[in-house]
Amino acid sequence: MKKKSLYQYIAPNILAMVGISCYILADTFFIATAQGTNGITALNLALPIYGIIFAIGSMIGTGSAIRYALAKATGQQEAKKYFSNALIWDVIVSVIFIAAGLFFPGQVMRVMGADTVIESIGMPYTRIVLCFTPFFMMNYAFTAFVRNDNAPHIAMAATLLSSLFNIVFDYVFMFPLGMGMTGAALATAVSPIVSILICMVHYLSPKSSVSFHFMVPSVRMLISSCSLGVVAFVGEIASAVTTMVFNFVLLGLDGNTAVAAYGVIANTALVGTAIFNGVSQGLQPLASEAHARGEEHEKHQILVKSIVTGIVLAIVLIAGVWFFAADITSAFNSEQSAQLAAYAIPGIRIYFIGFFAAGINIICAGFLSATDHAKESSIVAISRGIIAIIIFALVLPTFLGITGVWMAFPAAEAVTLLLAIFMTKRISK
């Protein structure tokens, strides 16, 4: 493997994933400016809905793309069917979310913990997001298959340009047109359509080996794909689960202001998670190909270089947040709430320490998935994303109050790091 080939995949994926997280940051900034603390609270209570939609779409799309890469590398004819199967299942699963958006958006917000005031602010946002579920889900398949069909730069361009569209039209809809959170939701909902249209540049070109054909959806292929998409699923659902648990704990400790402070931290942390997801997704095509060909040394080199890259990025990220914590918080604190700042500034510093271990965990889980070790990757992903984080989020605040909430993320990642090292060494024997 030429040294630059790995980074040719990693770099565009980091940019693409950061692009996704940046439009959520833009949402947060514009909503904070227009709606203040209550707006941030409403957005943060709606984020788990995004997480669930993205998790399912990512599991189906990323898992199917990995199956496609493995099948293509070994010359299996079934490789051609994975793309179509993924899109059809995305549409089928979306029906549930569309129905919730049309008929029960208020109830969905209340389940997320909204009171009457927050529900009235967040309901239009929630309705639109749910109704556009098919496009959010299908976008994962479109970009994952483009990436695995040797066109990672098109996948990057699709993600970045759609994110830029979202940011620009967030502003246009919310301020010149005065549409408030409804405008923010519309900008976000249309952005995956922009991404899909850009991906079509590759699918309609002679270089594409992926195409859509109507077929009877295969449950067997779906299950097979999802087994390798569990890491992607947990990577997305983790933020939803963490946000829900943290929201409920913080509502019990100090109400909406504490949730708004967590909104600042959680949305900023999405950028950190995106960076390491970019490394994880970038290594995937090369690791899958090396595994399919039985090139053990190549696989080891890919893992080592990816982890070293992750460690360097983690150090830079943590240092940046420690120095600019007050500035980051101020950007989202349009009402200049002293209480929000008192929670968020120390909170973001504590929380981001966890990315040193989280970066390695995300990369190891992605590597395990890409090399067809679904069980091991699932164990690592579920530990960091669900089990450990929930345990620490419920236990630590009992002794440390709100500080314990911020410490839950670093604690969960540290415990999972030991598990990730064990699992990765185990498959190398």
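General remarks:
- Packing, as the average of other Cβ atoms within 10 Å across residues, places the peptides 339-346, 398-405, 327-334 in the order 339-346, 327-334, 398-405, highest first.
- Gap separating the Cα centres of the stretch 390-429 and the stretch 102-138, nearest whole Å: 31 Å
- Per-residue ellipticity at 222 nm from helix content only, as computed over the chain with -39500 (n - 2.57) for each DSSP H run of at least four residues, stands at -30500 deg cm²/dmol.
- In Å², nearest 10: area of MET59 left accessible to a 1.4 Å probe: 40 Å²
- Look at the alpha carbon pairs under 8 Å that are at least 6 residues apart: their mean separation over the length of the chain gives a relative contact order of 23 percent.
- ARG349 - accessible surface, heavy atoms, 1.4 Å probe, Å² rounded to 10: 70 Å²
- The modelled label-to-label distance for the pair ARG220/ASP254, using points 7 Å beyond Cα in the direction of Cβ, is 5.7 nm.
- Once the Kirkwood radius over Cα pairs is known for the chain, the Stokes-Einstein relation at 20 °C and 1.002 mPa s delivers a diffusion coefficient of 100 µm²/s.
- Once the chain from HIS300 to SER120 is taken as fully extended at 0.36 nm per residue, the excess over their C-alpha distance is 59.5 nm.
- What the phi angles of the stretch 334-351 give under the Karplus curve with 6.51, -1.76 and 1.60, with θ = phi - 60°, is a coupling list of 4, 8, 6, 6, 5, 5, 4, 5, 5, 7, 6, 5, x, x, 5, 5, 5, 4 Hz, glycine and proline written as x.
- Point-charge dipole on Cβ atoms (K/R +1, D/E -1) for the chain, about Cα centre, debye to 20: 1220 debye
- Calculated from backbone phi, Karplus (6.51, -1.76, 1.60) coupling profile of the stretch 205-218 in Hz, x at Gly/Pro: 8, x, 6, 6, 10, 10, 8, 9, 9, 5, 7, 6, x, 9
- Between ALA338 and VAL201, the distance separating the two model label sites (each 7 Å from Cα on the Cα→Cβ line) works out to 5.2 nm.
- Heavy-atom accessible area order for LYS207, LYS305, LYS425, largest first, 1.4 Å probe: LYS207, LYS425, LYS305
- Of LYS299/LYS375; LYS80/LYS299; LYS80/LYS375; LYS81/LYS375; LYS81/LYS425; LYS72/LYS305, those spanning more than 27 Å from alpha-carbon to alpha-carbon: LYS81/LYS425
The values are calculated or read from the model by the stated rules, or taken from the named source; none is laboratory data. Please read these numbers as outputs of a predicted model, since none were measured by experiment. When we count neighbours, we look across all protein chains shown, and the Cβ atoms used for this are built from the backbone with ideal geometry, even at glycine. For the accessible areas, the whole protein counts, side chains as well, though only heavy atoms, and no ligand, DNA or RNA atoms are used. Shrake-Rupley method; radii C 1.70, N 1.55, O 1.52, S 1.80 Å.
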